[in-house]
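Encoded as structure tokens, the structure appears first; notes follow it.
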Amino acid sequence: MAKPSMKPSSKGAPPTTASPGPVVGNNTAKPESGEKVPLNFRVDPEMRREFKAFAVEHDMQMVDVLKEAWAAYKREKGKG
């Protein structure tokens, strides 16, 4: 008995870094070390307001507050 033939793929070839697609960016390459990438999550408005106020009061960027908080959390939990 003959094997059933496979359907041809309709997806085409995967994108390459040399050929940009119709969207901005091409996430087929790993970001360089030290390059910033998005970390997206939602918090309630009051927490955001407090977080931003804390950063401003301490002359820090919000990302730096988050980095320090994350480092302190890891130290406290014994993972850093």
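The values are calculated or read from the model by the stated rules, or taken from the named source; none is laboratory data. Note that the structure is predicted; figures quoted are calculated from it, not measured. Positions of Cβ are backbone-derived with ideal geometry, glycine not excepted, and every protein chain shown enters the neighbour counts. SASA here: full protein model, heavy atoms, side chains in, ligands and nucleic acids out. Shrake-Rupley method; radii C 1.70, N 1.55, O 1.52, S 1.80 Å.
The set of residues in segment 31-80 being open to solvent by 100 Å² or more (accessible area, probe 1.4 Å), assigned to a loop (DSSP other than H, G, I, E, B), of a type in the set (Asp, Glu) and modelled with pLDDT of 90 or more consists of Asp59 alone. Whenever a residue of segment 49-66 is without any contact (Cβ under 8 Å) to a residue 40 or more places away in the chain, it has no partner that is of a type in the set (A, V, I, L, M) and outside any helix (DSSP H, G or I) lying with C-beta atoms less than 6 angstrom away and at least six residues away or across chains.
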